[in-house]
1. Summarise the accessible area of the stretch 380-514 (1.4 Å probe, protein heavy atoms) by the percent that is carbon and sulfur.
2. What part of the accessible area of the stretch 209-363, given as a whole %, is carbon or sulfur when the probe is 1.4 angstrom?
3. Counting other Cβ atoms within 10 Å of each Cβ, which trypsin sites (Lys or Arg not before Pro) in the stretch 175-235 have at most 14 and sit in a DSSP loop?
4. If you average the C-alpha positions of the stretch 240-289 and of the stretch 497-514 separately, how far apart do those two centres end up, in angstrom?
5. Hey, can you grab everything whose amide H is under 5 Å from the amide H of Ser229? Only 5+ residues off in sequence or another chain; H modelled, so Pro and N-termini drop out.
6. List the GluC sites (Glu not before Pro) within the stretch 412-492 that DSSP assigns to loop and that have no more than 11 neighbouring Cβ atoms inside 10 Å.
7. At R0 = 30 Å, how high is the FRET efficiency between Arg518 and Leu470 if r is their beta carbon distance? Nearest 0.05 is fine.
8. Where nothing but the Cβ of Lys and Arg (+1) and of Asp and Glu (-1) is charged, how large is the charge dipole of the stretch 468-521 around its Cα centre, in debye to the nearest 20?
Amino acid sequence: MRLWIRAAAVRRRVLCLWLLLLGFALVTLALSDLLNRDQDQSHQNPSPPRRPLQRIPRPDLEIIVDSRDPALELGLNIAPLKSLQEDQLLFVPSTQGIKNPPKRKGSYKVILTGSNKDSTTPAPPTHGEVGKEVQTQLRDSEKKVELSDVQKFGFNEVISESISLHRRFPEVRHPECLGEQYSEALPSASVIICFHDEAWSTLLRTVHTVLDSAPKQYLQEILLVDDLSQHGHLKSVLSEYVSHLDGVRLIRSTKRLGVGGCRSLGAARAAGEVLVFVDSHCECQKGWLEPLLERIAQDRTRVVSPIMDVIDWQTFQYNATQWPVRGVFDWRLDFHWESYHHLPDKEQDSAVQPVSSPALGGGVVAMDRHFFHSVGAYDPGILLWGGEQIELSIRVWSCGGSMEVVPCSRVAHVGHHHLPYLLPDQEVLQRNKIRVADTWMDAFRKIFYRRDTLAHFIRQSESPNITERLRLKRSLGCRNFHWYLTTVYPQLYIPQDRPALSGELYNVGTSSCADLPRGHDLHGGVMVIAPCSGTGSQHCDLNSDSEVRFGPMGALCLDVDGERVVASPCAKQRPTSSRLQWKFIKLSGQLVHQQSQLCVEAVKEGGVTHSTHTSPAGLLLRPCTHQPRQQWHFEQLVAPKGA
Ligand code: UDP
Ligand code: MN
């Protein structure tokens, strides 16, 4: 009995001990969870937050937005975002006037030089160092492009850091622009600057040039939208810096949104009548905003862009873009600024008159806020980077709006050497383009798929979910792509792509394909013989005018220069001169130049022909023979469904 009682007492004690241990474990777990949550927040960790809106412990002039808000996923219906209760957001009063604000006219100094800079987390530069002279004289060592910097940001950050945040460019506007009068009651503008891992100097220079150049009465606000940047300098130091700037708000997304999504987020938060999207590495010229606002005030369906000047990514020198210029895209759905020579004649007259533009680049683009929303914002299915501007362009034109470049407005944009962030894979861009093609191009999309075979193969195994966008297209009563091609962009050549007369131009003797080296896509150059790419980049089209059209724009024609075959801009007049005409003899595979009646022969580098002399490599005109180097066929790589 006693034994039994003792055993029971021991069991009770063991039980107590277990309970105690369990309690301790629970408390430890709860504590570590709390700590982890704090850590997640302080590092802007992309892991999904538990609540729709996060609060950060320290007061800053910023709003944390969980971009998984259904309003953003839908893109079209922005009502839920706007209807968020004030107390659900993190609106913290501006610290202005409390701290010592940095004086606006100062420059800043870099604390660490390029040589001892940590390669992963750049130290924040000091700001507001008033009176320090701007370093314009660069040391020789600084002039050299630091490879790691270029890799990190896509441009020479060391040079950029040494340049004033308030630098001015020479006046390059046409003298007539200086005399232009703008209405006194222009609409207010919200300037939206999205950024993902932008360098400190370029981001701040963008903000300051807007502040320095936009008239106060028209600048409603600058919205800086952080698209989940990871670089240390874009965190608390930026919050602190921005809190001193009048009229600048910082919004941070807790999910990577990409260019279009980030801009839609900014737009949903904007209060100005006009939205001006500005890339995070731009410098605005004096007087850039008023001409844009004027054009939008006159017609609220106009989408406008300044002339985009170019800041060299190596030297940060400013290069003015020649007027006239307009935005276009090719059949691979890549965007280009097209210069003077290609513009339709009637539009080359005036130095101050805007030119209509089939598309606009994303560097700076402005439009009425209501029009932006009613025409469907940015396509939320276009992810990260690429294609969003082409989609916007076709949609704006097809659904009742228009686009133009305004010559009295100029903004310079840093031409990246490469994108400063990694895309998870190449397919992101192709998937974006697939959305554009399938939503907007009707049967013309086949032309795209033949010239982008990666997109074609992706499309064969998956279909984009474009139901919402097609519904939008229907509800807005948008016109079809044929209308766009004939009315807006009649200069775009429409390939015929006939079977057996289009595709890669394959040479039997060399087992290679006719190609035009990179960088010559727009203006032409000497044709070469190169490994067949299989990507569609070497696609060409022998059409019913007997031209062989080469390149994604279809604007280059096979031509001759002496004995060499070259690609040059196709003639506008019909009939085409016989110099640009070719005949393909299917039986022998010979490609015959009509004017000379000579055949195209492929010559690989150092190839010896005609026993006596060494011939240059490339495509050369030779007397016709039946040797394999004169045998060609057009290989169509893909046969899109229904083609
Ligand atoms: N951007 C962004 N999220 C992204 C990718 C880009 O907010 O996922 C920003 C980027 O910082 C820049 C703008 O969107 O301000 C356009 O991107 P970028 O300049 O790299 O494109 P590009 O001018 O080369 O077409
Ligand atoms: Mn850019």
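1. About 54 percent, which is the carbon plus sulfur part of the accessible surface.
2. Looking at the stretch 209-363 in its full context, I get 46 percent from C and S.
3. Lys216
4. So the two Cα centres are separated by 48 Å.
5. Asp197
6. Of the GluC sites (Glu not before Pro), the ones in loops of the stretch 412-492 whose Cβ has at most 11 other Cβ atoms within 10 Å are Glu462.
7. According to the calculation, E is roughly 0.25.
8. 520
The values are calculated or read from the model by the stated rules, or taken from the named source; none is laboratory data. As the structure is a prediction and not an experimental result, all values here were calculated from the model. Backbone-built Cβ (ideal geometry, glycine too); neighbour counts: all protein chains shown. Note: accessible area is taken over every heavy atom of the protein model, side chains too, but ligands, DNA and RNA are not part of it. Shrake-Rupley method; radii C 1.70, N 1.55, O 1.52, S 1.80 Å.
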